Amino acid sequence: LFSAGWDDVALQWDVTAPRNKGREVARHEDDIYQIDIDSTGELLGTPSADGTAKIWRLGTDEVVSLEGHRNEVNTLRFSPDGSRVATVSDDRTVRLWDVKTGYPLWRAPLMLGDPPRLYSRSGWTEIGVDDEEATPPTASWESAVIERAFVASASDDGDTLCFANHDDE
């Protein structure tokens, strides 16, 4: 069993041992949030309030740091095959990384809920819809996101969109 929290440390526990004391397996500069274990059980992923996420090879000193978010990293999840890891941050981006190298593969500055659509460097994607069936963006705000957005967020009701450009305006 693995746990992590506001003490900046991730612990491994042997649940079969009586009066078990957790063994430290990872440490960050700030709180650790929603951790994940890859499908092999060899890798532990730790997202942190320090703005980084890390992938720890258990039983070794090997660690890969995922750096690029501009705020706290809240969640980390491994792909089923263990080759990729996704992170979500308070900077309102979703990022996809190569597990072995920590190289950033993909970033999405905007995700909308109804219908579920995502804007990334690949353009607009309707989630769950084949590319041939997707409707091209037509609204002026969609063009503004394409041309200028670095990060964006929509209100819960979907009526308001706020985005920052690369000049932080």
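The values are calculated or read from the model by the stated rules, or taken from the named source; none is laboratory data. Worth saying up front: this structure is predicted, and the values here are computed from it rather than measured. Glycine also receives a Cβ, built like all others from the backbone with ideal geometry; neighbour counts cover every protein chain displayed. Keep in mind that these areas ignore ligands, DNA and RNA; they rest on the heavy atoms of the full protein, side chains included. Shrake-Rupley method; radii C 1.70, N 1.55, O 1.52, S 1.80 Å.
The distance between label points at Ser3 and Thr101 comes to 3.8 nm (points 7 Å beyond Cα on the Cα→Cβ vector). Volume of the convex hull of the range 13-82 (Cα atoms only), normalised per residue: 103 Å³. In this structure, Val63 and Arg19 have a Cβ-Cβ separation that, at R0 = 22 Å, corresponds to a calculated FRET efficiency of about 0.15.
Once both labels are positioned 7 Å from their Cα atoms along Cα-to-Cβ, the gap between Thr75 and Ser39 label points is 2.0 nm.
For the set Leu96, Leu44, solvent exposure ranked by accessible area (probe 1.4 Å, protein chains only) runs largest to smallest as Leu96, Leu44.
Give the residue list of GluC sites (Glu not before Pro) in the range 1-55 that are DSSP loop and have at most 12 other beta-carbon atoms within 10 angstrom. For GluC sites (Glu not before Pro) across the range 1-55 that sit outside H, G, I, E and B with at most 12 neighbouring Cβ atoms in 10 Å, the list reads Glu29.
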